[in-house]
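Structure first, then comments.
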Amino acid sequence: YGTLPSRRALKNSRLVSQKDDVHLCIMCLRAIMNYQYGFNLVMSHPHAVNEIALSLNNKNSRMKALVLELLAAVCLVRGGHEIILAAFDNFKEVCKEKHRFERLMEYFRNEDSSIDFMVACMQFINIVVHSVEDMNFRVHLQYEFTKLGLEEFLQKSRHTESEKLQVQIQAYLDNVFDVGGLLEDAETKNVALEKVEELEEHLSHLTEKLLDLENENMMRVAELEKQLLQREKELEVVKVCWGAVGAVGSGEGSRPLWADARCPQETYEHTSHQVHTLRRMIKEKDEAFRRHYGSEPPSLPSAEPAPPPPAEPMEETLRLPPGKCPPAAPPLPGASPSIALTVGLSAIRIKKPIKTKFRLPVFNWTALKPSQISGTVFSELDDERVLEDLDLERFEELFKTKAQGPALDLVCAKSKAAQKVATKVTLLEANRAKNLAITLRKAGRSADEICRAIHTFDLATLPVDFVECLMRFLPTEAEAKALRQYERERKPLEELADEDRFMLQFSKVERLPQRMAIMAFLGNFAENIQMLTP
């Protein structure tokens, strides 16, 4: 309507338009994407994000920074990560790149004068690499950028003056997966676990050996005490005999009768020597036990000599034939599998250990001394009778320990290495699986019953407390993926651990999180009303 513009003005307008039209479009798209409706339209368009990514082919650093900010925002929404990777695949094809992100890394290395662009670029790389949950995929994306020289460039640029850029660079370096370090840690952990298992087995062997040695030592001490008592009785009889013979000899006015009866004195000396020898042996055994085990040996009551028998009439004593000694007291009767030891009026039975086919758990207790069992159940317990009533094979099968050596009757025939029992396959993290097992044991319900109750919102079968506990074990995306993969490969479900089988069935419940939340709301509704009413 007015005067026509001059030719020069038109030329300048065209130059400005060619220079700024892409930048203007990106600004418009950013304004559109600030609203949910516009953002959804851009996300659903088949080519919009691809075109935004291709806008990186521009010399304007400020515009490239704006493009990367838009792409980072897209990457953070659900499903956006796949769209961004597809856009850069398209970029690689259109721009004839050898590797994906190659042009982006080229800009990042060469345009170090534009701090805003470098910050936006580093932020975009952080989001693309580290917003992925799958560890393997994350390592793959990390390797893509490592191949393009990212980590070397970051090491050189980490001391930049820009605080924002330093933050982004440090964030990337802090979240990098050191695959070699992880493998080394895993190997170290496996070696440590094997060492722990080996040490536990060794400790179990040593504990058994210690118990055997303690029992053997107790039996040996009991045997020596029995011999000591026997020798002391013999000694007392010899003393009485010697006194009687000496008295008669001194009353006849001739040389003593013991001159002809040498046997009593010889027997006395011999018996006395034996008693001293036995006492010394017991003492040495006790000291050796203390030195070896650093603890008090199993003690037995001290054996006081028995009172001498009443003296018989002298005529009876003197009727002993020449060279003959009074008869020794009969030895104490032995009992198998235990030894009866008489001390005063009480009898102590030192019981032999019962040999078992499998290794059984060891009680963490302190054994009573033989002098302490009088009046307790152990003094009246008959091991042989108990063993007759007990199915020992079944007992051992039920209570045998995890770490088992070869069977006792095959020790000499088989080598020490025994094949480990095949363990169940577990796909869950160890602590999570253990906590889930504890929770399921408390419920006392099968997986079918639990899943059926969730389908029907049955709070009578599943109390609200259990529902809230179970909500902590909703399957994660990684767990569900691993379980589906296991099932897809048609591997036998029987080989899965109980917790994994439950988690597989649990994850198949339709709209599981919503159902669990509804059950928790229903279960707590009355209580919430009561609290809110005032």
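The values are calculated or read from the model by the stated rules, or taken from the named source; none is laboratory data. In this text, all values refer to a predicted model and were calculated from it rather than measured experimentally. Note that we place each Cβ from the backbone using ideal geometry, even for glycine, and neighbour counts take in every protein chain shown. Just the protein is used for accessible areas: all its heavy atoms, side chains included, with ligands, DNA and RNA removed. Shrake-Rupley method; radii C 1.70, N 1.55, O 1.52, S 1.80 Å.
Structure notes:
- For the stretch 102-109, the Karplus equation 6.51 cos²θ - 1.76 cosθ + 1.60, evaluated at θ = phi - 60°, returns couplings of 5, 5, 4, 5, 5, 4, 4, 6 Hz by residue, with Gly and Pro reported as x.
- A Cα-only calculation for the stretch 65-121 places Rg and Dmax at 12.0, 34 Å.
- Among residues other than R445 with Cβ under 15 Å from its Cβ, the summed charge is -2 (Lys and Arg +1, Asp and Glu -1).
- Note: relative contact order over the stretch 430-532, using C-alpha pairs below 8 Å and six or more positions apart, is 41 percent.
- Highest mean first, the peptides 56-65, 171-180 sorted by other C-beta atoms within 10 Å per residue fall in the order 56-65, 171-180.
- At full extension, F137 and L41 could sit 31.7 nm farther apart than now, given 0.36 nm per residue minus the alpha carbon distance.
- Ordering of 460-471, 120-131 by packing [mean C-beta count within 10 Å, highest first]: 120-131, 460-471
- Total formal charge among the other residues, if their Cβ is under 15 angstrom from that of R472, Lys/Arg +1 and Asp/Glu -1: -2
- Taking all protein chains together and a 1.4 Å probe, the residues V74, V240 rank V240, V74 from largest to smallest accessible area.
- For L496, the residues whose amide H sits under 5 Å from its own are V425, ignoring neighbours fewer than 5 places away on the same chain, with H placed 1.01 Å from N.
- Gain in span if fully extended, F378 to K164, counting 0.36 nm per residue against the direct Cα distance: 69.3 nm
- Taking every alpha-carbon pair within the stretch 430-532, the share separated by more than 15 Å comes to 63 percent.
- For the stretch 87-190: rounded, prolate or oblate by the Cα gyration tensor [a/c cutoff 1.5]: oblate
- Remark: the A517-A288 segment gains 75.6 nm on full extension, using 0.36 nm per residue and subtracting the alpha carbon distance.
- Normalised by the number of residues in the stretch 7-177, the average gap of Cα pairs under 8 Å and 6 or more apart makes the relative contact order 17 percent.
- Calculated FRET efficiency for the pair L368/E388, C-beta based, R₀ 22 Å, to 0.05: 0.35
- Taking 32 Å as the limit for the C-alpha separation, the pairs K209/K283; K434/K491; K369/K442 exceed it in the case of K369/K442.
- Of interest is the spacing of the C-alpha centroids, which for the stretch 448-474 and the stretch 48-66 amounts to 51 Å.
- D448-E198 FRET efficiency (beta carbon distance; Förster radius 30 Å; 0.05 resolution): 0.15
- Cα-projected label distance for L173 with D21, points at 7 Å along beta-carbon direction, nm: 4.5 nm
- Label-point gap, in nm, between L474 and I529 - each point 7 angstrom along Cα→Cβ: 2.6 nm
- Whichever aspartates and glutamates have a C-alpha closer than 18 Å to that of K233, once near sequence neighbours (fewer than 8 apart) are set aside: E223, E225, E266, E269, E304, E312
- Restricting the calculation to Cα atoms, the stretch 7-177 shows an Rg/Rh of 0.99 when the hydrodynamic-style radius is the Kirkwood one.
- FRET efficiency for N435 and H273, using Cβ-Cβ distance with R0 set to 60 Å, rounded to 0.05: 0.30
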